[in-house]
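S.K.: Next up is a structure, given as structure tokens.
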Number of protein chains: 4
Amino acid sequence: MTAELLNRGAFSVFHELSTRWNDNDQYGHVNNAVYYEYFDSAVNAWLTKRCGDVTHLGALGVVAETNCRYLRSAAFPQPLDVGIALLRLGRSSVSYQLAVFPHHGEWPHVIGRFVHVYVDPLTRRPTAVPPKVAAAVATLSVIDPGPEANAVSASAVHSLKEN
Amino acid sequence: MTAELLNRGAFSVFHELSTRWNDNDQYGHVNNAVYYEYFDSAVNAWLTKRCGDVTHLGALGVVAETNCRYLRSAAFPQPLDVGIALLRLGRSSVSYQLAVFPHHGEWPHVIGRFVHVYVDPLTRRPTAVPPKVAAAVATLSVIDPGPEANAVSASAVHSLKEN
Amino acid sequence: MTAELLNRGAFSVFHELSTRWNDNDQYGHVNNAVYYEYFDSAVNAWLTKRCGDVTHLGALGVVAETNCRYLRSAAFPQPLDVGIALLRLGRSSVSYQLAVFPHHGEWPHVIGRFVHVYVDPLTRRPTAVPPKVAAAVATLSVIDPGPEANAVSASAVHSLKEN
Amino acid sequence: MTAELLNRGAFSVFHELSTRWNDNDQYGHVNNAVYYEYFDSAVNAWLTKRCGDVTHLGALGVVAETNCRYLRSAAFPQPLDVGIALLRLGRSSVSYQLAVFPHHGEWPHVIGRFVHVYVDPLTRRPTAVPPKVAAAVATLSVIDPGPEANAVSASAVHSLKEN
């Protein structure tokens, strides 16, 4: 499934959020960097709901790679829904597919990927995805990342020093 | 040149910036989303210096795609340098390679890409990169993006509706 | 009514909002500066709902003064309600009393004031509060600001150059 | 000294900072909430320089009250200087006078106050200002807060529950 075809139906889990006045930049649209605040908040709020406090999971989920494609602008004060799906569950990494929709809307403003790598809090070396997290992500709808995304994910784990 | 080998020497233009207390998240490191504020600010500050007010260039530079790989954590209050280089100058798009370095440091905390597509302010259809911008980016060091990034750039122009 | 006694009952209008992962600072609580994003967003979202696009009201509402007292910490991912009340409607200024509550909660995390001064978009000189805005704020519950706040408001109008 | 008369000469310590593209709101000026990020960052960067890691001072500095008056607008990409002075050193609180100047400029864009109350990390009850902090603030220039600010400071300590 290509990015252009990702619609609401590809997602079963959503995080609803409110926009803020200063999310809009000088052009009157949500600034490109702000979508990453949405991604971060959606994944962590959902993980907290499913797994409890994400800072107490044994392993620490550090963000190894993110990207975003901007398709249609959004603007304060519209409310938004962030769709969360699974691209790939690795031994120590989880790659999420995210998409930011108008509230109840069909086609996304942006689509993006968000890769968590779990590390040991002391050594900062990659370690296994916590069982609670693995169980939670197993309930997400799965989107085929294609060969490119698999390469990205492997490379993210490899290159991670500390984040 | 792979991402892991991108060091300070690949860049000839830098934007120095200060970190902020709340750039750090609960883990005491600069949050992943904040690096995109750095990218945005570096590109726009540099363009402003070279081309004047970026909101008065005729065409409007909208952000079509961004990504970031997180290699080594940074933290407030350390100052940072954002290196700016050119990946690809297209007819209507400019793809920048960015890297965030410790102030005067050799190896980046993160590396990323940032794609501007220029659109007509009224029709929002892609239009030619403004001559001032094309002249400015021609002075940047050039980094070979590889075939993947070229595909990304073409696709970004194609999929852009409005941002 | 002193600040310590301001509870949910003093407000009849609320703006519900979601917190974000990076609203929390290193101490795991919503950062002091972030409450001002909540204030700004609450007032502007409410004004937009009541008066339409706030950038097309003829006069421009510029923020002349804000303050905040932090009473009890909040933290992502809890949702919040911002209560909006009127302290004072002047000829060219509106002073709002704001309070950020836990969602459906009785006692505020913080309380604050937010003063809009309306200026002519061209001359930037104070001008009359737009009739639509005056009509909207007349529907808010009124909180006695005390003599100090009246002085603050008068002084804010006086000292405003351009914002 | 009234706020309108606070100029660069009242300050002996400055924190230089860079603005960011999205500091500007839809009106093309630095958003009111963003100045509090500047305040926070200036105080904490200066304290870190003078006292070391502010999260390891024994007592925890929590923000009890802030305010800001907006006098003249600023805008990205201009660099700014935050002036830091002392209003009042109490047993458990430090009240700072802050002012945000154009880089090397004489008259401030905004002026504000920032009150830290030091609390015991475990009990969250107010405790003595750490000796290192007291010694550092003793080197700042002192601005007479007037009777109003003293009342504010006392009240902030009194009303603080936890922040």
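Just so it is clear, none of the values below were taken in a lab; they were calculated from the coordinates. Bear in mind that the values here come from a model prediction, so they are computed numbers and not experimental data. Cβ sites come from the backbone with ideal geometry, for glycine too, and all protein chains shown count toward neighbours.
S.K.: In chain C, how does Rg compare with the Kirkwood Rh, expressed as the Rg/Rh ratio over alpha carbon atoms? If you can, show how the numbers build up before the last one.
M.R.: Numbers: Rg = 15.6 Å, Rh = 16.1 Å.
With Rg and the Kirkwood Rh in hand, the quotient comes to 0.97.
S.K.: In addition: Rounded to the nearest 0.05, what FRET efficiency do residue D:50 and residue A:125 give with R0 = 25 Å and r taken as the Cβ-Cβ distance? Could you check?
M.R.: 0.10
S.K.: Once the Cα atoms of helix B:34-51 and of chain B are each reduced to a long axis, what angle between those two axes, in degrees from 0 to 90 to the nearest 10, is obtained?
M.R.: Its long axis makes an angle of about 50 degrees.
S.K.: Now for a separate question. So if I place +1 on the C-beta of Lys and Arg and -1 on the C-beta of Asp and Glu, and nothing else carries charge, what would the dipole magnitude of chain A be about its Cα centre? I want it in debye, nearest 20.
M.R.: 420 debye
S.K.: Next question. Which of D:144, C:81 comes first, and how do the rest follow, when ranked by fewest Cβ neighbours within 10 Å?
M.R.: D:144, C:81
S.K.: Same structure, new question: Would you mind ranking A:66, D:55 so that the residue whose beta carbon has the fewest other beta carbons within 10 Å leads the list?
M.R.: In order of increasing Cβ crowding within 10 Å: D:55, A:66.
S.K.: How are the alpha carbon pair distances in the protein assembly as shown distributed across 10 Å bins from zero to the largest one, expressed in percent?
M.R.: Distribution as computed: 3, 16, 27, 28, 18, 8, 1 percent.
S.K.: Here's another thing I want to ask about it. What is the order of B:73, C:141, fewest Cβ neighbours within 10 Å to most?
M.R.: Ascending number of Cβ neighbours within 10 Å: C:141, B:73.
S.K.: Still on this structure, I have one more. Using a cut-off of 14 Å between beta-carbons, work out the net charge of the residues near residue B:130 (Lys and Arg +1, Asp and Glu -1, residue B:130 not included).
M.R.: Values: positive: B:50, B:91, B:132; negative: B:53, B:120.
Once all neighbours under 14 Å are counted, the net charge is +1.
S.K.: Of D:123, D:103, D:77, whose Cα points farthest to the positive end of the dipole of the stretch D:77-126 (charges on the beta-carbon: +1 Lys, Arg; -1 Asp, Glu; origin at the Cα centre)?
M.R.: Of D:123, D:103, D:77, it is D:123.
S.K.: Right, another one. Measure out, as a whole number of angstrom, how far apart the alpha-carbon centroids of the stretch D:7-85 and the stretch B:17-73 sit.
M.R.: 19 Å
S.K.: Ok, one more. Where nothing but the Cβ of Lys and Arg (+1) and of Asp and Glu (-1) is charged, how large is the charge dipole of the protein assembly as shown around its Cα centre, in debye to the nearest 20? Please report the intermediate quantities before stating the final value.
M.R.: Numbers: 52 positive and 56 negative charges, 0 e Å.
Taking the Cα centre of the protein assembly as shown as origin, the dipole is about 0 debye.
S.K.: Additional query: Run the helix sum for chain D: -39,500 (n - 2.57) per DSSP H stretch of 4+ residues, divided by residue count, reported at 222 nm to the nearest 500 deg cm²/dmol.
M.R.: Working: 3 runs with 39 residues, N = 163.
Dividing the helical sum by the residues of chain D leaves -7500 deg cm²/dmol.
S.K.: Explain nothing, just the number: relative contact order of the stretch A:11-159, from Cα pairs under 8 Å at least 6 residues apart, as a whole percent.
M.R.: Taking the mean separation of contacting Cα pairs over the length of the stretch A:11-159, I get 28 percent.
S.K.: Can you list the distances in nanometres, one decimal and ascending, from the residue C:135 label point to the identical position in each other copy, with the point 7 Å along Cα to Cβ?
M.R.: When each copy's label point is compared with this one, the spacings are 5.2, 5.7, 6.4 nm.
S.K.: Here's another thing I want to ask about it. Mind listing the label-point distances from residue C:7 to the same position on all other copies, shortest first, one decimal in nm, points 7 Å along Cα→Cβ?
M.R.: 5.0, 5.1, 6.5
S.K.: Further, regarding this structure: Determine the sum of side-chain charges near residue C:114: Lys and Arg each +1, Asp and Glu each -1, restricted to other residues whose C-beta is under 14 angstrom from that of residue C:114. Intermediate values should be presented prior to the final figure.
M.R.: Values: positive: C:69, C:88, C:113, D:69; negative: C:37, C:40, C:65.
Combined, the nearby Lys, Arg, Asp and Glu give +1.
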